[in-house]
1. Full-extension gain between V465 and E233, please, as 0.36 nm times their residue separation minus the C-alpha to C-alpha distance.
2. Say R0 is 22 Å: what FRET efficiency, to the nearest 0.05, do T100 and L6 get from their beta-carbon distance?
3. Using 1/(1 + (r/R0)^6) with R0 = 25 angstrom and r between the beta carbons of A202 and K395, what's the FRET efficiency to the nearest 0.05?
4. Considering just Cα atoms, how many Å³ per residue does the convex hull of the range 4-159 enclose?
5. Name the GluC sites (Glu not before Pro) in the range 293-359 that are in a loop by DSSP and that have at most 10 other C-beta atoms within 10 Å, would you?
6. When the chain is fully extended, how far beyond the present Cα-Cα distance does Q443 get from E371, taking 0.36 nm per residue of separation?
7. Residues of the range 114-145 with backbone nitrogen within less than 19 Å of a virtual label 7 Å along the Cα-to-Cβ line of S247, please, listed as ranges.
8. Can you give me the distance in nm between label points at E187 and A527, each placed 7 Å from the Cα along the Cα-to-Cβ direction?
Amino acid sequence: GLPVQLINEASKAHPKPEGIKFAYGTAGLRTKANILDSTCFRIGLIGALRSKKLGGKTIGLMVTASHNPEEDNGVKMVDPRGEMLEASWEPHCTEIANATSEEELIRSLQKLITTFKIDVNADASVIFGYDTRPSCKELVQAIVDGLSAMGAHIIDAGLKTTPQLHYLVKCHNTKGTPDAYGEPTDEGYYKKLSEAYIKLVAGKGPGTPLTVDCANGVGAPALLELTKYIPKEHLDIRALRTSTNASGALNNGCGADYVKTNQCLPAGYDKEDVKAGDRMCSFDGDADRVVFYYLKGPATAKESFRLLDGDKIASLAADHLSELVKKAGVELELGCVQTAYANGNSTKYLKQRVPVTCTPTGVKYLHHAAEKFDIGVYFEANGHGTVLFSPSAQKAIKEASPSSPAAQDALEQLGALIDLINQTVGDAISDMLLVEVILRSRQWGPTEWDGAYEDLPNKILKVNVKDRSIFKTEDAERRLVSPEGLQAKIDELVGKYKDARAFVRPSGTEDCVRVYAETGLASELSALANGVAKLVA
Ligand code: 16G
Ligand code: ZN
């Protein structure tokens, strides 16, 4: 049975702070790092139980708060195939994290065990990784204490990007099977990506430099490691904001979230040599998001900045993959998955080419929707996304007999792309390489890529409200059903502007409500966004 004694004792060293309510959401459990100790200990307990439930398969735990400030942290559970934790466990994580006494903790664990009929005596295996935040060390110790109390086998993966941890989880669980995803080591990860990349760019001539803003986070050491596996003629990286030890630097005035939200270059670019036409990109703090950008004129002029966000990556990937599928002569359906945040013109562009679906915000929704296609391209506008090749699509690509040399070449490219793309979750490094491959193969610079469609002017506002739980949505978060009557007012306001769209949803990661607005005319954007925010507040 449950080692009640051990858990009780260990739990005393990780007391829950009073008066704080935790919630397991789209980002796992995330808040200020200094109140997360008990939560991490308890996630250790739950991680072990999740593994036991799945017959000892390896579960992942990632300690990170992604793009959030350095003083925040969080912990997220990764399921055996490298996917997000099964949704039915989330409320249990919340309940267990909130138990106010040892007795309540044991009771909530027992409830989880009964609900999912867990054999507590089964084996458990858990791998954990963490980002560069100073708080990680202590939080990881709390996780280890939780895992140890449950007698789980523990694998310390060390400093990792979130997608690397997802990769390792999948590799551990598929090792030695026909579906082996790769070697469950750092080297395995870099080799898989670099070999596929080199295959795809070989013979395409030397590349031009790519400037990468690493957000002063874990993406910096990971990128540095990757470049050891790829000759400079194939990938010429200029890594900026790589100060992982500078206090307060993480995500500060830089990173994918900053660039996307503010629609501008990272702060301090004026001391760096950035020229019009240079290809640049930004990772977020745990390197699971990437956005690209370039300048079409002098850096000092605001209108010079051109963002190539998740929507633009989706359009590039969808176009390129569709073309390869056609050339290869295989019958595969390619589809795209977006959220309400996708720019209206990106949706219009994609819909003229491929089937497009819309899901609520959060990787778990997009990922599952993308699995419905043979090749599912999913990206959030913020730069998180990937491409999924269904098992049958992978088989079709592997086994197809090409009808021409061109078809054979397309099949080989598709085969290499299957390896290049981290299919467990969005991966800044893998997505960056994907973009580089496509641009190289088309002999495109950022301008040609940007030419697909023009973004509608858009804005996201954060509104503080008394109780965000009263905001309930439908239609993939595009409409409010509660508070009653509010949607009608939003509709009325939106109707006053040309080609306008707006929606309101409660944040899943912060205590606020977000307002999204886009308009055909840039001059009307602020009026609409502020108008909707006023209706909400
Ligand atoms: C989480 C999600 C991310 C989403 C963001 C929205 C995962 C792994 N991450 O970080 O995809 O864009 O939340 O945040 O699902 P919000 O709910 O605060 O707007
Ligand atoms: Zn992230």
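Only the coordinates and a few stated rules stand behind these numbers; no lab work does. Note that the structure is a prediction, hence the values are computed from the model and not measured. Here Cβ is always computed from backbone atoms with ideal geometry, including for glycine, and neighbour counts include all displayed protein chains.
1. On the way: separation 232, 0.36 × 232 = 83.52 nm, distance 5.24 nm.
Gain in length upon complete extension: 78.3 nm.
2. On the way: r = 20 Å, r/R0 = 0.92.
Rounded to the nearest 0.05, the efficiency is 0.65.
3. Working: r = 25 Å, r/R0 = 1.02.
Calculated transfer efficiency: 0.50.
4. On the way: hull volume 15.0 nm³, N = 156.
So the per-residue Cα hull volume is 96 Å³.
5. Values: sites: E303, E323, E331, E333; in loops: E331, E333.
Qualifying residues, ordered by number: E331.
6. 22.9 nm
7. 132-139
8. 6.4
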